[in-house]
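Shown next, in structure tokens, is the structure this report addresses.
The values are calculated or read from the model by the stated rules, or taken from the named source; none is laboratory data. As the structure is a computational prediction, the values presented were derived from the model and not from experiment. Virtual Cβ from ideal backbone geometry, glycine too; neighbours counted across all protein chains shown.
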Amino acid sequence: MGDEERIEREEEAPPEDTPWQPANVVDESEGNDPQISKEEEEDEEVFSLHALRNVKLRFHVELGRTTISVRELLGLQPGSVIELNRSTGEALDLYLNENLFGKCEVLLIEESFSVRITSIVDPDE
């Protein structure tokens, strides 16, 4: 390689202090990528949901709540009864990963407790 070719190649390279920028940047924040059709978007949503199918989520049921003083806490022993804020037959709160998901009722199936979902909360409320 001659000195003239080496000089030309050095001139083509961007200065070292120029920040790197990717080519063809498209703002996808509003979902208006001109290269993705509606059908492809729907396929991506289905794929995204399919990829989440094996993710473990934690459900728990809240029977009720109460507030007690430290004095009452220190007095608890086996056999103590703690009154909760729910009535018999009242729907219980069903939580999904610490967020209220719905209401449910308790069932006894064979020897195990189960719940029947009676309503699902609107996530926008």
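Give GLU62, GLU83, GLU72, GLU90 a once-over and let me know the one that is among the charged types (D, E, K, R) and over 35 Å from the mean Cα position of the chain (by Cα). From the options GLU62, GLU83, GLU72, GLU90, the qualifying one is GLU72. Within segment 36-43, the presence of at least one residue that is at pLDDT below 90 and among the basic types (Lys, Arg) is confirmed.
For segment 61-125, the strands (runs of 3 or more DSSP E) that sit wholly inside it and include 3 or more residues that are free of Cβ contacts under 8 Å to residues at least 24 places away in the same chain are 99-109, 112-120. When the residues of segment 66-104 are filtered to those that are charged (D, E, K, R) and over 23 Å from LYS56 (Cα atoms), the one that is surrounded by the most Cβ atoms within 10 Å (Cβ to Cβ) is ARG86.
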